[in-house]
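Asker: Below is one structure. I have some questions about it.
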Amino acid sequence: MTRLCTAPPGKVPDVRVVVVLNAGSGSSGDATPDRLADALRPLGDVFFVSPGDDGDEEVRRAAEDAGVVVAAGGDGTVSRVIHALGTRQGDLRFGVVPMGTGNDFARTLGMPEDPVEAAAAIAGGRPRDIDVWLARGDGVERRLVNASVGGFPVEVDERVGDREKRLLGPLAYLTAGARVAASMEKFAVRMDGRDVAECLAVGVGNGRTVGGGIPLFPRADPGDGRLEACALAAAGATDTAKLGLAVRKGEHLGLDGVESVSAEGLRIETEPSIELNVDGDLVGLRTPVEFRPAGAVTFMVPAGS
């Protein structure tokens with residue numbers, strides 16, 4: 001469904017702005033389409049689309065004549081927009097309005113938490129080039145901009161329902177995490193030629209945080225052409241608890257059981273095979289997985305960031 005909000009009388013629209021709105025996102029609050037359109041209107045005519053089952057094709061059709069495409073939702077919405085428009089990623093400017101549960105990519109970009117303020121920051125912001133990466137597994141290819149992580153985070157994702165996200169927000173990940181920790185099976189990892197046993201989680205980050213603000217990749221810079229990879233291992237309950245506390249503070253790199261690497265591309269293998277999410281979405285991507293650069297996109301970010 002597409003809705004048009006026109007530019008003010010007498011103003012010649014500078015660009016066509018398409019807002020891809022995830023109506024099921026977790027934190028829309030008072031951010032109605034009208035308020036978002038008012039904030040974005042300095043750029044020109046604003047159109048809204050809420051993709052259905054044929055999401056990629058709907059986004060491509062809506063963005064045919066666009067100059068700016070804004071993802072209004074969570075990390076998964078941003079990822080789906082970039083994936084759908086991958087062949088045009090160099091022709092468009094993008095924006096993100098944080099209306100999801102975790103909003104980790106928006107956090108890395110320094111976007112305001114309030115969706116309407118974020119929309120205004122896009123309209124008055126500056127361009128920033130952001131790396132895009134291609135994750136390739138058995139029969140699955142997906143572009144990503146924030147992170148791809150497996151193990152503990154994926155098991156938590158599978159336990160967190162949409163209703164829980166809407167009611168609890170980021171707290172939903174904590175409550176699910178407590179349930180997962182008691183029953184999770186560990187796995188072995190080979191990452192960039194390094195072997196790690198007794199793993200709880202493994203993944204790569206273009207952005208710094210996952211799961212609603214957990215700084216799993218504290219050294220990540222989304223515009224430096226490199227991915228940060230991390231494997232987390234712990235032998236027992238006490239070590240797991242200590243590691244979890246360090247990760248939440250972003251102080252885990254260099255600890256025993258933590259292996260990290262910065263690379264322009266890499267391969268992750270596990271035994272047994274596990275699923276990795278893509279910017280928080282479960283899309284059937286299973287190890288082994290290759291991560292390779294896929295160019296860059298331009299996001300509008302706050303002018304002072």
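Values quoted throughout were computed directly from the atomic coordinates according to the rules given, and no laboratory measurement underlies them. Bear in mind the structure is a predicted one, so any value in this text is a computation, not a measurement.
Asker: In whole Hz and in residue order, list the ³J(HN,Hα) couplings for the stretch 88-96 that follow from phi through the Karplus curve 6.51 cos²θ - 1.76 cosθ + 1.60, θ = phi - 60°; x for Gly and Pro.
Answerer: Listing the rounded values in order: 10, 5, x, 9, 10, 10, 10, x, 10 Hz.
Asker: Taking the stretch 175-305 as the region of interest, what is the percent of Cα-Cα pairs per 10 angstrom bin, listed from the shortest bin to the one with the maximum distance?
Answerer: 11, 42, 36, 10, 2
Asker: Dividing the alpha-carbon Rg of the stretch 207-280 by 2.2 N^0.38 Å yields what?
Answerer: In units of the 2.2 N^0.38 Å rule of thumb, it is 1.14.
Asker: Tell me, what does the Kirkwood hydrodynamic radius of the stretch 12-153 come to in angstroms if you use every pair of distinct C-alpha atoms?
Answerer: 15.3 Å
Asker: Mind listing the phi-derived Karplus ³J(HN,Hα) values for the stretch 110-125, rounded to whole Hz, using 6.51, -1.76 and 1.60 with θ = phi - 60°, and x for any glycine or proline?
Answerer: Per-residue couplings from phi come out as x, 6, x, 5, 6, x, 5, 5, 5, 4, 5, 5, 5, 5, x, x Hz.
Asker: What are the residues whose amide H is under 5 Å from the amide H of W133, where those residues sit 5 or more places off or on another chain and H is modelled from the backbone?
Answerer: For W133, the qualifying residues are L144, A294.
Asker: Oh, and also: Once amide H atoms are placed 1.01 Å from N in the peptide plane, what residues at a sequence separation of 5 or more from I274, or on another chain, have their amide H within under 5 Å of its amide H?
Answerer: Amide H to amide H, under 5 Å and 5 or more residues apart or across chains, I274 pairs with T287.
Asker: Work out, in µm²/s and without decimals, the Stokes-Einstein translational diffusion coefficient of the stretch 242-305 at 25 °C, 0.890 mPa s, Rh from Kirkwood over C-alpha pairs.
Answerer: 161 µm²/s
Asker: What's the long-distance tail for the stretch 82-127, i.e. % of Cα pairs beyond 17 Å? Write down the numbers at each step before the final one.
Answerer: Numbers: 404 of 1035 pairs.
It works out to 39 percent of all Cα pairs.
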